[in-house]
Amino acid sequence: MNFQRIAVIGPGLLGGSLVRAIAERAPFSKEKGEGVEVRVWGRRPEVVAQLQAMGEAELASTDLAEVVAGADLVVLATPIGVMADCVRRLIDAGALGVGAVVTDVGSVKASVVAEIEPLVSASGAHFIGSHPMAGSEKNGLEYAEAALFEGAACLLTPTPLSDAGALERVDEFWQWLGAHTSRLSPEAHDRAVAMVSHLPHLVAALLVESVLGRSPEVAAFAGGGFRDSTRIASGHAEMWTEILLENREAVREALADFHRLTGESLAFFDDLKKEELHRLLADAKSRRDGFRMNGPHTPPQS
């Protein structure tokens, strides 16, 4: 791994897990002159105090420029709506060094890359979008895990403007953390995650509302099937509202296709179409049984 000083901007679940993963793999020792120096920016003093107590970052501060000064890799782990503002603040403060690499962990890419890449490039640094498909319905530093990225898919979203060397370094970084990397255009990324991440979250929320919103008393009888199908509906509502609206076109397309399938399935019961219902269930079982979770694969092309 060829980064020596990494600044993590935002110590939530993903940012905090990055801090722990890096510290575990390459603990920093100033005396010995080895390891990777990790610095973390947090907006709230109480979170910074928590980071300092953890002792896994060389510097934890509410001063954004202080954290980023001298970093050769900057990881934006804030909500996607504030990433560009963080970058502008860094550039205005002169904290983003020439040749530094900036990446992110955002769930939406087309809009993020379009806004941030020109800013970073104009400053003499390099931006490579990335999205580790890791996390849980939990949110916050207290749930951070060093092993969060091991075995996870990580989607890199280069553009024609991307620096080839920076792309290779970011790819190597995520592989060093245990992720399986793939490369897609920002637009192809957004279409893919709309189907495998954003739509499932929305469907889980709709299922909760359809059942517990109408008949809350049946919760006492729910087993593993309902719990497993709705677990991700416990995700942070504000964060998911931002994600779904930011990727609204791709999510709408995925939801429309899902709506078409649910409409077609009503006919199975209206007309007692046993064979069609069985075919649907058998096809779904076969596809799910053959599904490989977050392994190496050939990504869809734009």
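The values are calculated or read from the model by the stated rules, or taken from the named source; none is laboratory data. What you are looking at is a predicted structure, and each value in this text was computed from that prediction instead of being measured. Cβ placement follows ideal geometry from the backbone for every residue including glycine, while neighbour counts extend to all protein chains displayed.
Values as computed for the structure displayed
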{"quantity": "Residue match in region 46-64 (condition: assigned by TED's automatic domain parsing to the domain that holds Trp174, modelled with pLDDT of 95 or more and either assigned to a helix (DSSP H, G or I) or within 20 Å of Pro132 (Cβ to Cβ) (or both))", "calculated": "yes"}
{"quantity": "Unique residue being in a helix (DSSP H, G or I) and surrounded by 15 or more Cβ atoms within 10 Å (Cβ to Cβ) when the list is Leu277, Leu261, Leu244, Leu266", "calculated": "Leu244"}
{"quantity": "Filter result for Ser182 (in contact with a strand residue (DSSP E or B) (Cβ under 7 Å, 6 or more places away or on another chain), within 25 Å of Arg292 (Cα to Cα) and assigned to a loop (DSSP other than H, G, I, E, B))", "calculated": "no"}
{"quantity": "Candidate set from region 137-182 (those that are under 15 Å from the mean Cα position of the chain (by Cα) and of a type in the set (S, T, N, Q)); member that is farthest from His126 (Cα to Cα)", "calculated": "Asn139"}
{"quantity": "Enumeration of residues in region 13-57 that are among the charged types (D, E, K, R) and buried (at least 18 other Cβ atoms within 10 Å of the Cβ)", "calculated": "Arg20, Glu37, Arg39, Glu56"}
{"quantity": "Some residue of region 68-81 being modelled with pLDDT under 95, assigned to a helix (DSSP H, G or I), in contact with a helix residue (DSSP H, G or I) (Cβ under 7 Å, 6 or more places away or on another chain) and not polar (S, T, N, Q)", "calculated": "yes"}
{"quantity": "Pairs with Cβ under 6 Å, 6+ apart, first in region 49-72 and of a type in the set (Gly, Ala, Ser), second crowded, with 18+ Cβ neighbours inside 10 Å and assigned to a loop (DSSP other than H, G, I, E, B)", "calculated": "Ala65/Ala95; Ala69/Ala95"}
{"quantity": "Every pair of residues 6+ apart whose Cβ atoms lie under 6 Å, when the first sits in region 211-237 and is touching a residue at least 12 places away in the same chain (Cβ under 8 Å) and closer than 25 Å to Val196 by Cβ while the second is of a type in the set (Val, Ile, Thr) and assigned to a helix (DSSP H, G or I)", "calculated": "Thr230/Val208; Ala233/Val208"}
{"quantity": "Test: residue in region 186-206 that is assigned to a strand (DSSP E or B), touching a Lys or Arg at 6+ places or on another chain (Cβ under 7 Å) and under 15 Å from His131 (Cα atoms)", "calculated": "no"}
{"quantity": "Matching entry among Val112, Val102, Val98, Val108 (being aliphatic (A, V, I, L, M) and surrounded by fewer than 18 Cβ atoms within 10 Å (Cβ to Cβ))", "calculated": "Val98"}
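Table: residues versus (1) closer than 22 Å to Ala250 by Cα; (2) part of a helix (DSSP H, G or I); (3) not hydroxyl-bearing (Ser, Thr, Tyr).
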residue	(1), (2), (3)
Met83	yes, yes, yes
Val98	no, no, yes
Thr103	no, no, no
Glu115	yes, yes, yes
Lys138	no, no, yes
Glu145	no, no, yes
Leu156	yes, no, yes
Leu161	no, no, yes
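Matching residues to (1) crowded, with 16+ Cβ neighbours inside 10 Å; (2) at pLDDT below 95:
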| site | (1), (2) |
| --- | --- |
| Gly124 | no, no |
| Phe127 | yes, no |
| Ser130 | yes, no |
| Ser136 | no, yes |
| Leu141 | yes, yes |
| Ala146 | yes, yes |
| Thr157 | yes, no |
| Asp163 | yes, no |
